[in-house]
1. Is it the case that the stretch 372-388 has a residue that's touching a residue at least 60 places away in the same chain (Cβ under 8 Å) and buried (at least 22 other Cβ atoms within 10 Å of the Cβ)?
2. Just for the stretch 236-280: of the residues that are aromatic (Phe, Trp, Tyr) and part of a helix (DSSP H, G or I), which one is surrounded by the fewest Cβ atoms within 10 Å (Cβ to Cβ)?
3. Just give me the residues in the stretch 59-96 being surrounded by 12 or more Cβ atoms within 10 Å (Cβ to Cβ) and among the acidic types (Asp, Glu), in sequence order.
4. Can you find even one residue in the stretch 185-201 that is touching a strand residue (DSSP E or B) at 6+ places or on another chain (Cβ under 7 Å) and part of a loop (DSSP other than H, G, I, E, B)?
5. Look at GLY37 and say whether it is surrounded by 15 or more Cβ atoms within 10 Å (Cβ to Cβ) and not charged (D, E, K, R).
6. Would you confirm, using the coordinates I've provided, whether ASP107 is among the acidic types (Asp, Glu), touching a Lys or Arg at 6+ places or on another chain (Cβ under 6 Å), surrounded by 15 or more Cβ atoms within 10 Å (Cβ to Cβ) and not in a strand (DSSP E or B)?
7. Only one residue in ALA268, ALA239, ALA296 is among the small types (Gly, Ala, Ser), over 30 Å from TRP92 (Cβ atoms), in contact (Cβ under 8 Å) with a residue 40 or more places away in the chain and assigned by TED's automatic domain parsing to the domain that holds GLY139. Which one?
8. Kindly indicate whether THR153 is crowded, with 19+ Cβ neighbours inside 10 Å and modelled with pLDDT of 95 or more.
Amino acid sequence: MPQMHLPGPKARAVVKRDQAVISQSYPRSYPFVMDHGSGTEVWDVDGNRFLDFAAGIAVASTGHSHPKVVKAIQEQAEKFIHISSDFYHPKWVELGEKLNDIAPFLDNAVSFMTNSGTESVEAAIKLARHYTNRSQFIGFLGAFHGRTMGSVTFTASKPGYHRGFYPLMNGVVHAPFPDPYRPFLEIKSGEDYGETVVRYIEEQLFGHLLPPEDVAGVLVEPIQGEGGYIIPPAGFFPALRALCDRHGILLIVDEVQSGMGRTGNWWAIEHYEVEPDIVCTAKGLASGMPIGAMLAREHIMTWAKGAHGNTFGGNPISCAAALATIELIEQEYLQNAREMGEYTLDILEELKIRHPLIGDVRGKGLMIGVEFVQDRITKAPAEKLRDRIVDLAFNSGLLLLGCGKSVVRISPPLSVKKQEIDEAMFVFEEVLTIAEKEAHLIHAA
């Protein structure tokens, strides 16, 4: 695919206007200015076509502007747009019933509707403290849970998320996340590395720092997102569940990015055959409409009327979009995520053979990470190479995002077609080849 001259004049004009009136705290990756989209294809304001393999950070689960989702939004908007949480509306209840149907635990699931992932996490923090009457939590290094004050305290993927905001919420201790590609702790012979991390929590954190009887919950991503699309070993969650059970601690899973069919199951935690106590969801729930939810086992959701609430949570238009999204995922895209994920991983494994700067390829469903290294022996992260690949891909009509220190995430809509994957992977290898040659020339100089 030939490289474009980006951004175009209309896009440059929008970016210039943006700089004058919009907070520059937003982490814009490159100057893509969207005009419209359909499925996996998007077009910018200058008419340039792109394949969206970021899906708005894994949000556009059914693709851009799916007709069934658009119709659900339009039909609800014609009825009414808002009624506050002081009252009731049918779509809210229908969505709660549907979330109960697909919740990753056998108990009845009660939902608190939110507007975003970070708000879902905040609700989980409050509920865990209220239910357990305990104040302390365990999070994990590399985690991303949001940027509001409670959730950003758990976030530990980049120091920039904390810089300038101390003191953060009191009562959070971080443990290493079990990254099989970059193990941090010494592993005992025959021990699963996930079990090693849980043993570290038991022996070191509980043994020296944190009384387990004061811990309300463990907050964890089943697959780390911003931290690098890291998939923990098979033994991690069973051991963590057992640890929580021993000490009366709630297991809270952040499925904001990994949930809603992204990994080929409704929830990533289901790959580990472990039931959590609380689930946080958002991103892919409504194909781009702002909504999230915090789901908890019925016996945990015991707080009193007025203990927690919001104005816009359970917005009727967002609920309608979520119901249409869940139906589409259930009928078509859950299976498609499994099949297209396997197909993409096979292609990437072949690319790894041809390109030695690919250190690791990992993923479940359409939550796939490609980690770049300076060499496979030291595994030193190749951050500049990764950034160059993302930039070159943009200029070649492919939208990608990085994560971790040197990972490119492959997270297209769950509706992605095989021919779109073929086109995207062709572009990906082309720009990877260019970036590798540039890196070699710089090193030689």
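The values are calculated or read from the model by the stated rules, or taken from the named source; none is laboratory data. The shown structure was predicted, so the numbers you read here are calculated from the model rather than taken from an experiment. Glycine gets a Cβ as well: all are built from the backbone with ideal geometry, and neighbour counts include every protein chain shown.
1. The answer is no, given that none of the residues of the stretch 372-388 is touching a residue at least 60 places away in the same chain (Cβ under 8 Å) and buried (at least 22 other Cβ atoms within 10 Å of the Cβ).
2. Filtering the stretch 236-280 for residues that are aromatic (Phe, Trp, Tyr) and part of a helix (DSSP H, G or I), the one surrounded by the fewest Cβ atoms within 10 Å (Cβ to Cβ) comes out as TYR272.
3. GLU75, GLU94
4. For the stretch 185-201, residues touching a strand residue (DSSP E or B) at 6+ places or on another chain (Cβ under 7 Å) and part of a loop (DSSP other than H, G, I, E, B): absent.
5. Criteria met by GLY37.
6. Judged against the criteria, ASP107 is not a match.
7. Just one listed residue meets the conditions, ALA239.
8. yes
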